[in-house]
Amino acid sequence: MRVGIDDEHHTYLEAGRIAAELGVAWVALHARTAAQFYEGKSDWSTIARLVEHLAPFGTPVLGNGDIWSGNDGIAMMRDTGCAGVVVGRGCLGRPWLFADLVRAFNGESARPLPRLFEVREVIFRHAQLLAEYFENEHRACRDLRKHMAWYLKGFRVEGDLRSRFGMVSSLSELRLLLDQLVDQPYPEAIGDAPRGRTSHGRPVTLPDGWLNDPYEFADVAGDDAGTGG
Ligand SMILES: Cc1cc2nc3c(=O)[nH]c(=O)nc-3n(C[C@H](O)[C@H](O)[C@H](O)COP(=O)(O)O)c2cc1C
């Protein structure tokens, strides 16, 4: 869940408590309101507040928002007391973020940052797995196109080659393009910077009358629980 609709309507503490009372295994909080969308930095203090709020129930809280590196995962758990972290945009084009988190949680300092030639093989494996998943090579390559900009972000890649990756349509073409890349170290600074959507906030559109009475539908847990709209 997010923190709430906007700064005037924070719902996470109550939503978390209701979920805890119903016996959920854990809750995860993206530390932004819906109105914030992806703007600015997520407010990790809300995660700390939820951890405190749900402590009496023993319900673990997972924190979410701006985990770009393994060290961010450690920092979030240290600063908020959350039981674990959830990754969103940070793994776009960087599936090794999970290895980096494991590394950080194990207290190891050397970061597993791949050179471009290693990234190249991750990309090809990604494409192969997509082709198996979709049972369709062309569809897999079309899906891969959006990942290419994320994979290559920060690396020096000639413009024409970059745009051909964005139009790739077969595994053999992908291989030919990948083999034109020039090996280079991982661009660490850019790699840890925000990626994916970073859009500004925007007002939230709510159904008519939504805010009139927060308990209006509170009795749906009656006869038709689980079947209501
Ligand atoms: C590709 C992608 C798909 C997502 N899909 C959903 C979704 O279906 N429902 C949802 O509530 N959040 C979705 N999110 C939001 C993430 O779960 C997460 O809350 C948000 O990205 C903030 O975490 P981050 O700062 O690590 O990106 C998605 C994020 C990404 C990058």
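I'm checking my understanding of the structure. Among residues of region 148-185 that are among the charged types (D, E, K, R) and part of a helix (DSSP H, G or I), which one is nearest to Asn136 (Cα to Cα)? Steps first, answer last, please.
Taking region 148-185 first, the residues among the charged types (D, E, K, R) are 153, 156, 158, 160, 162, 164, 173, 175, 179, 183.
Adding the requirement that they be part of a helix (DSSP H, G or I) leaves 160, 162, 164, 173, 175.
Working: Asp160: 26, Arg162: 23, Arg164: 20, Glu173: 15, Arg175: 17 Å.
Of everything passing the filter in region 148-185, Glu173 is nearest to Asn136 (Cα to Cα).
Considering each of Phe98, Phe37 in turn, give the residue that is closer than 30 Å to Val182 by Cα and surrounded by fewer than 22 Cβ atoms within 10 Å (Cβ to Cβ).
Phe98
List, please: which pairs have Cβ atoms under 7 Å, are six or more places apart or on different chains, and start with a residue in region 77-92 that is outside the structural domain of Thr59 (by TED's automatic domain parsing) and end with one that is of a type in the set (S, T, N, Q) and away from the ligand (no atom under 13 Å from the Cβ)?
none
Select from region 127-152 the residues that are under 19 Å from the mean Cα position of the chain (by Cα) and more than 16 Å from Leu178 (Cβ to Cβ) and list them in ascending order.
Asp143, Lys146
Could you list all residues from region 40-62 that are buried (at least 17 other Cβ atoms within 10 Å of the Cβ) and within 10 Å of the ligand (Cβ to nearest atom)?
Ser42
Here is a check on your reading of the model: is Thr46 closer than 15 Å to Leu13 by Cβ, part of a loop (DSSP other than H, G, I, E, B), at pLDDT 95 or above and in contact with a strand residue (DSSP E or B) (Cβ under 7 Å, 6 or more places away or on another chain)?
Working: closer than 15 Å to Leu13 by Cβ: yes; part of a loop (DSSP other than H, G, I, E, B): no; at pLDDT 95 or above: yes; in contact with a strand residue (DSSP E or B) (Cβ under 7 Å, 6 or more places away or on another chain): yes.
Considered against the rule, which asks whether it is closer than 15 Å to Leu13 by Cβ, part of a loop (DSSP other than H, G, I, E, B), at pLDDT 95 or above and in contact with a strand residue (DSSP E or B) (Cβ under 7 Å, 6 or more places away or on another chain), Thr46 comes out as no.
Can you tell me which residue in region 109-124 is surrounded by the fewest Cβ atoms within 10 Å (Cβ to Cβ), limited to those that are of a type in the set (Lys, Arg) and over 21 Å from the mean Cα position of the chain (by Cα)? If you could, list the steps in order and put the result at the bottom.
Step one: list which residues in region 109-124 are of a type in the set (Lys, Arg), which gives 111, 115, 120.
Subset that is over 21 Å from the mean Cα position of the chain (by Cα): 115, 120.
Values: Arg115: 12, Arg120: 20.
So, considering only residues that are of a type in the set (Lys, Arg) and over 21 Å from the mean Cα position of the chain (by Cα), the one surrounded by the fewest Cβ atoms within 10 Å (Cβ to Cβ) is Arg115.
Given (1) among the aromatic types (Phe, Trp, Tyr); (2) within 19 Å of the chain's Cα centre (by Cα); (3) more than 30 Å from Ser172 (Cβ to Cβ), identify the lone condition not met by Phe98.
That leaves (3) as the condition not met.
Considering Asp7, Asp43, Asp66, which residue is of a type in the set (Asp, Glu) and under 22 Å from Pro187 (Cα atoms)?
Result: Asp66 is the single residue among Asp7, Asp43, Asp66 that is of a type in the set (Asp, Glu) and under 22 Å from Pro187 (Cα atoms).
Count, please, the residues in region 129-144 that happen to be loosely packed, with under 14 Cβ neighbours inside 10 Å and either of a type outside the set (Asp, Glu) or touching a Cys at 6+ places or on another chain (Cβ under 9 Å) (or both).
Applying the first criterion (loosely packed, with under 14 Cβ neighbours inside 10 Å) to region 129-144 yields 129, 132-133, 135-136, 138.
Imposing the further condition that a residue be either of a type outside the set (Asp, Glu) or touching a Cys at 6+ places or on another chain (Cβ under 9 Å) (or both) reduces the set to 129, 133, 136, 138.
Qualifying residue count, region 129-144: 4.
The values are calculated or read from the model by the stated rules, or taken from the named source; none is laboratory data. Fair warning: this is a prediction, and the values are worked out from it, not measured in the lab. Neighbour counts are summed over all protein chains in view; Cβ atoms, including those assigned to glycine, are modelled from backbone coordinates with ideal geometry.
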